[in-house]
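**Q** Attaching a single structure in structure tokens format; questions to follow.
FYI, it's all coordinate maths here, none of it is from the lab. No experiment lies behind these values; they were computed from the predicted model shown. For neighbour counting, all protein chains shown are included, and Cβ atoms are generated from backbone atoms with ideal geometry for every residue, glycine included.
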Amino acid sequence: MMIPKVSVIIPIYNTSKVYLKECLDSISSQTLVNFECFLIDDSDNDDIVNFLESYVFQDQRFIHIKNQDRLGKSGSRNYGIHKAHAEYIAFMDADDISCSNRLDTQYNFLKQNPEIDILGSNLRIIINGKVSNLNRVYPEKHHQISRKFFYANAIAQPSVMMKKSIFLDHNIYFDTRYNFCEDLDLWLRLLNKGLVFHNHQDKLILYRQEDSNREIENWKFNILVRLRNLNHRKIIMQLIFIVLIAFWMVIPSFLKKSIYNRLILNAK
């Protein structure tokens, strides 16, 4: 059996079958055909379980793993990482859509640029089930990404591809204690280890965004993971931005949404 070039990991918990099918179809139709895709399933919905079993029967590149106990997003991703056979791992959320050239583009980019450890991309936004003209554009180069991490998540988890060996060599995985911001926590720990980030400037993911307002718990975890990952060489700037994030938490929701739409989303 041929070793896959990429292992895709998708945690699933009672996702809409409509969204789930769009997600899986987008992986199934990738121009890079030599992949495996782990569907790590926390669902307690029999319809979802049956749908996944039917899907993997039709395309054997997909592997359905039904968790006996609920692992959560972080635990499911960690389980998929350990199961992966490929050199590269691509993350994906069960309600998003990968563009057909996503795996091919990222795989070739990492092969051609071995100094890059973690590769993300820009996003096209889906709003109310329709692809909009709005984008999330992330900084491209490592030094730009490193600066943005002071105040925001500078790489989109559903767009990330990286070497499996990074997890094994550094013994760093998603922290299952965090219900929110588990990806930010991982990126900050890897950043402090000196790993190199890069964002491909193509929009390789269609990202489903139902609401730009985050619940207060999300912001609490955001501050918690930043405090956990303070770097003594950058601590003054980090603490300044932690205070600013705490201030952002108390801004009225309508004002946050207006600022977010103006500063974060780009229409192109």
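**Q** Going 7 Å from the Cα of Val131 toward and past its Cβ, which residues in segment 103-118 have a backbone nitrogen under 14 Å from where you end up?
**A** none
**Q** Then there is this: Shape of segment 75-233 from its Cα gyration tensor (a ≥ b ≥ c, root eigenvalues): rounded if a/c is under 1.5, otherwise prolate when a/b > b/c, or oblate?
**A** Note, shape of segment 75-233 comes out rounded.
**Q** Okay, next question. What ³J(HN,Hα) values, in whole Hz, does the Karplus curve 6.51 cos²θ - 1.76 cosθ + 1.60 give for segment 61-66 when θ = phi - 60°, with x put for Gly and Pro?
**A** For segment 61-66, the Karplus-derived couplings read 6, 9, 10, 8, 10, 8 Hz, x marking Gly and Pro.
**Q** Let me ask you something else. Angle between the Cα long axis of helix 72-83 and the longest principal axis of the chain, 0 to 90 degrees, nearest 10?
**A** Roughly 50 degrees between the two axes.
**Q** Helix 182-192 sits at what angle to the longest principal axis of the chain, using alpha carbons and giving 0 to 90 degrees rounded to 10?
**A** Taking the Cα atoms of the chain, the angle to 182-192 is about 70 degrees.
**Q** As a test of the formula, what do you get for the chain when each DSSP H run with n ≥ 4 contributes -39,500 (n - 2.57) and the sum is divided by the residue count, at 222 nm and rounded to the nearest 500 deg cm²/dmol?
**A** Per the formula, -12500 deg cm²/dmol.
**Q** Here is a follow-up. Could you pull out every residue, at least 5 positions away or on a different chain, whose amide H is within less than 5 Å of the one on Tyr88? Hs are placed 1.01 Å off N in the peptide plane, and Pro or chain starts have none.
**A** Here the answer is Ser7, Lys164, since their amide H atoms fall under 5 Å of that of Tyr88.
**Q** Something else now. Taking the Cα-to-Cβ direction at Asp202 and at Ile216 and moving 7 Å from each Cα, how far apart do the two end points lie in nm?
**A** So the two model labels end up 4.4 nm from each other.
**Q** Something else: Charges only on Cβ, +1 for Lys and Arg, -1 for Asp and Glu: so what's the dipole of the chain about the Cα centre, in debye to the nearest 20?
**A** With Lys and Arg at +1 and Asp and Glu at -1, about 1200 debye.
**Q** A further question on this structure: On average over all directions, what projected area in square nanometres does the chain have, based on the convex hull of its Cα atoms?
**A** Reported value for the Cα convex hull: 14.2 nm².
**Q** Let me check against my output: what whole-number percent is the relative contact order of segment 6-267, with C-alpha pairs under 8 Å and at least 6 apart?
**A** 21
**Q** Still on this model: By per-residue mean of other Cβ atoms within 10 Å, what is the highest-first order of 176-183, 139-146?
**A** 176-183, 139-146
**Q** Students often check this: by mean Cβ neighbours within 10 Å, which of 156-164, 44-52 ranks highest, and how do the rest follow?
**A** Per-residue mean Cβ counts within 10 Å order the peptides as 156-164, 44-52.
**Q** Additional query: Treating the angle as unsigned and between 0 and 90°, give the value, to the nearest 10°, between the Cα long axis of helix 235-249 and the longest Cα principal axis of the chain.
**A** Computed tilt is about 80 degrees.
**Q** Label points 7 Å out from Cα along the Cβ direction at Phe247 and Gln209: separation in nm?
**A** 2.3
**Q** Which value in nm describes the separation of the simple spin-label points at Asn171 and Asp25, placed 7 Å from the Cα toward the beta carbon?
**A** Those two pseudo-labels are separated by 4.5 nm.
**Q** Enumerate the amide H contacts of Ala156 below 5 Å, restricted to partners 5 or more residues apart or on another chain; note that Pro and chain-start residues carry no placed amide H.
**A** Ser121
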